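Undergrad: Encoded as structure tokens, here's the structure I'll be asking about.
The values are calculated or read from the model by the stated rules, or taken from the named source; none is laboratory data. Predicted model, so just to flag it, every value in this text is computed and none were measured. Backbone-built Cβ (ideal geometry, glycine too); neighbour counts: all protein chains shown. The area values use the complete protein model at the heavy-atom level, side chains included, leaving out ligands, DNA and RNA. Shrake-Rupley method; radii C 1.70, N 1.55, O 1.52, S 1.80 Å.
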Amino acid sequence: MESIAAGAAVGLIECAVCQPFDMVKTRHHLSSQARSVASSLQAIHAEGGFRRFYRGVGPEFAGMVPKSAAMYSSYDGARQLLLAHTSLDEVAASVAAGAASGPFEAAVVQPFQVVKVRMQTKEYVG
């Protein structure tokens with residue numbers, strides 16, 4: 001339970017910090033007129049100020065908490081299971097647990113990512 005709560009908290013912080021960068025990346029990729037990251041920053045800010053950088057943040061927040069919770073709890077569970085039932089050392093068990101937690105994270109986050117990107121790009125794609 002502790003790893004689920006920690007994962008959820010980390011997910012919220014990650015989302016709050018990274019969302020503006022994700023918005024710039026998405027729009028920069030879609031704009032045929034964006035010549036630089038700076039031009040993408042200026043264009044987004046001109047459209048709606050600072051708040052525009054957080055367009056699509058709702059689905060991102062909604063998906064980030066379960067994504068991080070799934071990743072950290074599946075990592076923690078897999079690592080404990082591997083250490084208890086195999087002869088793997090700490091490092092090998094951690095690597096294997098990390099690999100095992102990825103599919104859980106991806107399965108949880110993908111639907112939210114689709115909604116977020118559609119919100120970020122609705123003026124650019126039909």
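Undergrad: Taking the Cα centre of region 39-84 as origin and charging only Cβ (+1 Lys, Arg; -1 Asp, Glu), how large is the dipole, in debye to the nearest 20?
TA: Using Cβ point charges on Lys, Arg, Asp and Glu, region 39-84 gives about 80 debye.
Undergrad: Continuing with the same structure: What's the magnitude of the charge dipole for the chain around its Cα centre, counting Lys and Arg as +1 and Asp and Glu as -1 at the beta-carbon? Answer in Debye, nearest 20.
TA: Dipole about the Cα centre, nearest 20: 740 debye.
Undergrad: Specify which residue in the list 38, 108, 75 is farthest towards the positive end of the charge dipole of region 22-126, using unit charges on the beta carbon of Lys, Arg (+1) and Asp, Glu (-1), about the Cα centre.
TA: Result: 38.
Undergrad: What net charge do the residues around residue 83 carry, taking every other residue with its C-beta under 14 Å from that of residue 83, with Lys and Arg at +1 and Asp and Glu at -1?
TA: It works out to a net charge of -2.
Undergrad: Taking the Cα atoms of region 75-126, what is the range of coordinates along each of the three principal axes, in descending order and whole Å?
TA: If we take the Cα atoms of region 75-126, the spans are 54, 14, 11 Å.
Undergrad: Give me the three principal axis extents of the chain from the C-alpha atoms, as integers in angstrom, largest value leading.
TA: The principal-axis extents, from largest down, are 57, 26, 25 Å.
Undergrad: If each of residue 86 and residue 32 carries a label point 7 Å out from its Cα toward its Cβ, how far apart are those two points in nm?
TA: Those two pseudo-labels are separated by 5.0 nm.
Undergrad: Still on this structure: So which trypsin sites (Lys or Arg not before Pro) in region 1-104 are both in a DSSP loop and have at most 10 other Cβ atoms within 10 Å of their Cβ?
TA: Listed in order of number, the matching sites are 35.
Undergrad: What's the angle, to the nearest 10 degrees (0 to 90), between helix 57-85's Cα axis and the longest principal axis of the chain?
TA: Helix 57-85 sits at roughly 20 degrees to that axis.
Undergrad: Please tell me the relative contact order of the chain in percent, rounded to the nearest whole number, where contacts are Cα pairs under 8 Å and at least six residues apart.
TA: 35
Undergrad: How big is the gap, in Å, between the Cα center of region 70-125 and the Cα center of region 1-41?
TA: 18
Undergrad: Rounded to the nearest whole Å², what accessible area per residue is found for region 33-126 with the 1.4 Å probe?
TA: 61
Undergrad: Counting only protein heavy atoms and a 1.4 Å probe, tell me what percentage of the chain's accessible area is made up of carbon and sulfur.
TA: The nonpolar share, carbon plus sulfur, comes to 66 percent.
Undergrad: Please give every one of the lysines within straight-line cross-link reach of residue 25, meaning a C-alpha to C-alpha distance under 17 Å, and leave out same-chain neighbours fewer than 8 residues apart.
TA: 116, 122
Undergrad: Helix 37-48 versus the longest principal axis of the chain: what angle, 0 to 90°, nearest 10, using Cα atoms?
TA: Value to nearest ten degrees: 70.
Undergrad: Charges only on Cβ, +1 for Lys and Arg, -1 for Asp and Glu: so what's the dipole of region 62-120 about the Cα centre, in debye to the nearest 20?
TA: So the dipole magnitude of region 62-120 works out to roughly 380 debye.
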